[in-house]
Each structure stands twice: as structure tokens, then as C-alpha cells.
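Asker: Dumping the structure here so I can ask a few things about it.
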Amino acid sequence: MESILQGKTVVVTGGVRGIGQAIGALCAQKGANIAVPYLGVDPAPALEQFRSFGVKAEAYECNVADFNATKAVCDKIVADFGGVDGLVNNAGITADKLIMRMTEEDFDKVIAVNLKGAFNMVKHLTQTFMRQRGGAIVNISSVVGLMGNAGQINYSASKAGLIGLTKTVARELSSRGVTCNAVAPGFIATAMTDALTPEQQDAIKKQIPLGFIGHAEDVAKAVVFFLENRYVTGEVIKVDGGMYI
Ligand code: NAI
């Protein structure tokens, strides 16, 4: 069966490596064209992977925390691709410290990228979605936004904030056929988890009922579920091996 993503355009912020790249690749495999606002990572390998599925793929260097820069990039993407059907707010950073040591700058920069970055992208693409009377937004939150985590007051607040944003956008845009949902991953294998010692990895696995660290593709499948399903909105799916039941 052909995916409803065939021939559509999906914007994946930070979709040039890790989880975002897996999301872009699965959407491209389903026939979607991919636009990627990114920062600080060479986008060429990811674009090559997306294009190998025969779709159009372009990257746009942009700090998602910058309101005016995201406006310019969203306008450019709409002009380059002739519209936008899906938005995945995946770009995210950490700056972990216990509250005693965390600085104001650590707090502000994580909120700016993870939470305001999503606001900026939704804000600048809302008119396009409303004009088209349809669209799907998926925000990448985290289980720590639901359960909290020592050393991540900034990050967990940003990820919890994304859930409030998700539910509000779902309510505001539903009359125009626009859905908004969130995926909350647990531990997912990335360059960061690969760098951990076997002992550290074992300690992590003990917290996960299913007993293993997840893969970026597991998150991508949940994102695509939301992009393809027109009757689910305001929902949060955990992809965490049961870590937060
Ligand atoms: P990553 O560090 O490999 O990728 C992050 C991407 O965000 C990069 O491609 C980078 O270009 C982009 N980015 C960072 N700051 C940016 C900015 N200011 N403007 C534009 N782009 C920016 O991270 P990973 O692990 O792939 O995570 C992706 C998302 O999933 C993040 O939102 C993260 O918080 C979330 N997540 C990851 C988990 C994990 O275990 N890896 C667990 C739960 C959530």
C-alpha cells in the first residue's frame, strides 16, 4: 500500500544525524521529500542517503532558536518545495548539571533550542498548514520530560514544555485538519551512548524492562505513525523499552 507520505514534503529539524537522520530516511523511503534545518554537522552524508530513495532533499543551515532565521528558512523551504506537509521538531541539545552547578546560560540555551526552537518552527509554518487545510507536526520530547532526571533540570523542563506545546497546538489547529503529537524516547543508541563503557551500558540496561537500548529506527517508526495517521492528535507515545511505565 502506498504511504500518504508519497510526494509530500517533511521538514525534520536536525535531521542530519542520529534520530533525526533515521526519521528523514524512513520518510524518504516512504516517498517524502525532506527539508532539513541543521546546525554544526555536515549535512552531505544524510542528504545523500535521503536522495538514494529518489526524493528531493535539501539542508538549510539555521539555528532553530533564532526566531528571524527560522522564519527565513521556513519561507525558503515553502518556496523550494512548493509547500510543507509534515514538521518534525527533532533538533535538541543537552547541558547537564545538578542544579547547584547549573548556570543561567546552561538553562537558557537548552530551553532556547529545544522548546523555543519548536515554537519558532510551528509559528512560521502554521500559515502554510492552515492554507493547505492539513499537516502533521511531531515533536521529539523525552521520557525525562515525563519522569524528571537528576542533572537535567533544563533538558527535562524543555521536554515537558514540548508536551504542553504539543497539546495546545493540537487544540488550536485541529479545525484546520492539522495534527500535533509527541514522541518521548528513552535511551536510544547514538554516538553518545556508543561512547559509554560496557559497565555504564549495563547500568542503563538494568533500568529498561525490555533489557536493551533502543535504536533510532524505533523512534522513526513512531514518528511516521503520527505523520501517516490523520485521526490521532494531542497524543504522546513513549519509545523507551518500558523504562517509564
Ligand atoms: P544528536 O545530537 O545526534 O542530533 C541533534 C541534531 O540537532 C543535530 O543534527 C544538530 O544538527 C541539530 N541541532 C542541534 N542544535 C541545533 C540548533 N540550535 N539549530 C538547529 N539544529 C540543531 O541528537 P539525537 O540523540 O539524535 O537526538 C535527537 C532528538 O531526540 C533530540 O531532541 C533529543 O533531545 C531527543 N532524544 C534523544 C534521546 C537519545 O537517547 N539519544 C532520548 C530522548 C530524546
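The values are calculated or read from the model by the stated rules, or taken from the named source; none is laboratory data. Everything numeric in this text was worked out from a predicted model, so none of it was measured. Cβ coordinates were reconstructed from backbone atoms using ideal geometry, including for glycine residues, and neighbour counts include every protein chain displayed.
Asker: What do you reckon, is GLY54 out of contact with any His (no Cβ under 9 Å at 6 or more places or on another chain), on the phi > 0 side of the Ramachandran plot and either in contact (Cβ under 8 Å) with a residue 60 or more places away in the chain or more than 10 Å from the ligand (Cβ to nearest atom) (or both)?
Answerer: Working: out of contact with any His (no Cβ under 9 Å at 6 or more places or on another chain): yes; on the phi > 0 side of the Ramachandran plot: yes; either in contact (Cβ under 8 Å) with a residue 60 or more places away in the chain or more than 10 Å from the ligand (Cβ to nearest atom) (or both): yes.
Considered against the rule, which asks whether it is out of contact with any His (no Cβ under 9 Å at 6 or more places or on another chain), on the phi > 0 side of the Ramachandran plot and either in contact (Cβ under 8 Å) with a residue 60 or more places away in the chain or more than 10 Å from the ligand (Cβ to nearest atom) (or both), GLY54 comes out as yes.
Asker: Here's a follow-up. Would you confirm, using the coordinates I've provided, whether ALA46 is within 9 Å of the ligand (Cβ to nearest atom), in a helix (DSSP H, G or I) and at negative phi?
Answerer: Numbers: within 9 Å of the ligand (Cβ to nearest atom): yes; in a helix (DSSP H, G or I): yes; at negative phi: yes.
Yes; evaluated as a whole, the condition is true for this residue.
Asker: Mind checking which pairs have a first residue in segment 1-13 that is among the acidic types (Asp, Glu) and a second that is crowded, with 16+ Cβ neighbours inside 10 Å and in a loop (DSSP other than H, G, I, E, B), Cβ under 9 Å, 6 or more apart or different chains?
Answerer: Listed by first residue and then by second, the contacts come to GLU2/LYS30; GLU2/GLY31.
Asker: Can you spot a residue in segment 77-100 that is buried (at least 16 other Cβ atoms within 10 Å of the Cβ), polar (S, T, N, Q) and more than 12 Å from the ligand (Cβ to nearest atom)?
Answerer: No, there is no match, as no residue in segment 77-100 is buried (at least 16 other Cβ atoms within 10 Å of the Cβ), polar (S, T, N, Q) and more than 12 Å from the ligand (Cβ to nearest atom).
Asker: Any residue at all in segment 200-218 that is assigned to a loop (DSSP other than H, G, I, E, B), at pLDDT 95 or above, of a type in the set (A, V, I, L, M) and closer than 22 Å to THR13 by Cα?
Answerer: Among the residues of segment 200-218, not one is assigned to a loop (DSSP other than H, G, I, E, B), at pLDDT 95 or above, of a type in the set (A, V, I, L, M) and closer than 22 Å to THR13 by Cα, which makes the answer no.
Asker: Something else now. Let me confirm something: among GLY186, GLY234, which residue is within 13 Å of the ligand (Cβ to nearest atom), surrounded by 16 or more Cβ atoms within 10 Å (Cβ to Cβ) and at pLDDT 95 or above?
Answerer: On the way: GLY234 fails: within 13 Å of the ligand (Cβ to nearest atom).
Of the residues listed, the single one that is within 13 Å of the ligand (Cβ to nearest atom), surrounded by 16 or more Cβ atoms within 10 Å (Cβ to Cβ) and at pLDDT 95 or above is GLY186.
Asker: Output the residues belonging to segment 16-32 that are more than 13 Å from the ligand (Cβ to nearest atom) and surrounded by 24 or more Cβ atoms within 10 Å (Cβ to Cβ). I'd like the intermediate steps shown before the answer.
Answerer: Here is the first cut: in segment 16-32, the ones more than 13 Å from the ligand (Cβ to nearest atom) are 26-32.
Those that are more than 13 Å from the ligand (Cβ to nearest atom) and surrounded by 24 or more Cβ atoms within 10 Å (Cβ to Cβ): CYS27, ALA28, ALA32.
Asker: Additional query: Being under 24 Å from ASP108 (Cβ atoms) and touching a Pro at 6+ places or on another chain (Cβ under 9 Å) narrows it down to one of ILE163, ILE140, ILE153, so name that one. Show your work before the answer.
Answerer: Numbers: ILE163 fails: touching a Pro at 6+ places or on another chain (Cβ under 9 Å); ILE153 fails: touching a Pro at 6+ places or on another chain (Cβ under 9 Å).
It is ILE140.
Asker: For segment 57-66, give me each residue that is acidic (Asp, Glu) and within 11 Å of the ligand (Cβ to nearest atom).
Answerer: Step one: of segment 57-66, the residues acidic (Asp, Glu) are 58, 61, 66.
Scanning segment 57-66 gives GLU61, ASP66.
Asker: Specify the residue that is farthest from the ligand (Cβ to nearest atom); the eligible residues are those in segment 132-169 that are surrounded by fewer than 19 Cβ atoms within 10 Å (Cβ to Cβ) and of a type in the set (Lys, Arg).
Answerer: Among those residues, the one meeting the criterion is ARG133.
Asker: Please identify the pairs in which a residue from segment 208-222 that is without any contact (Cβ under 8 Å) to a residue 40 or more places away in the chain and away from the ligand (no atom under 13 Å from the Cβ) has its Cβ atom under 8 Å from the Cβ atom of a residue that is assigned to a loop (DSSP other than H, G, I, E, B) and not small (Gly, Ala, Ser), counting only partners at least 6 apart or on another chain.
Answerer: Going by the 8 Å Cβ cut-off, the qualifying pairs are PRO209/MET243; PRO209/ILE245.
Asker: Exactly one of these conditions fails for VAL10: (1) more than 13 Å from VAL224 (Cα to Cα); (2) crowded, with 24+ Cβ neighbours inside 10 Å. Give me its number.
Answerer: Just one mismatch for VAL10, condition (1).
Asker: The conditions are (1) surrounded by 15 or more Cβ atoms within 10 Å (Cβ to Cβ); (2) closer than 15 Å to SER158 by Cβ, and ASP66 fails exactly one of them. Which is it?
Answerer: Of (1) surrounded by 15 or more Cβ atoms within 10 Å (Cβ to Cβ); (2) closer than 15 Å to SER158 by Cβ, only one is false for ASP66: (2).
Asker: Identify, by number, the condition in (1) touching a strand residue (DSSP E or B) at 6+ places or on another chain (Cβ under 6 Å); (2) aliphatic (A, V, I, L, M); (3) in a loop (DSSP other than H, G, I, E, B); (4) more than 24 Å from LEU5 (Cβ to Cβ) that VAL55 doesn't meet.
Answerer: Unmet condition: (4).
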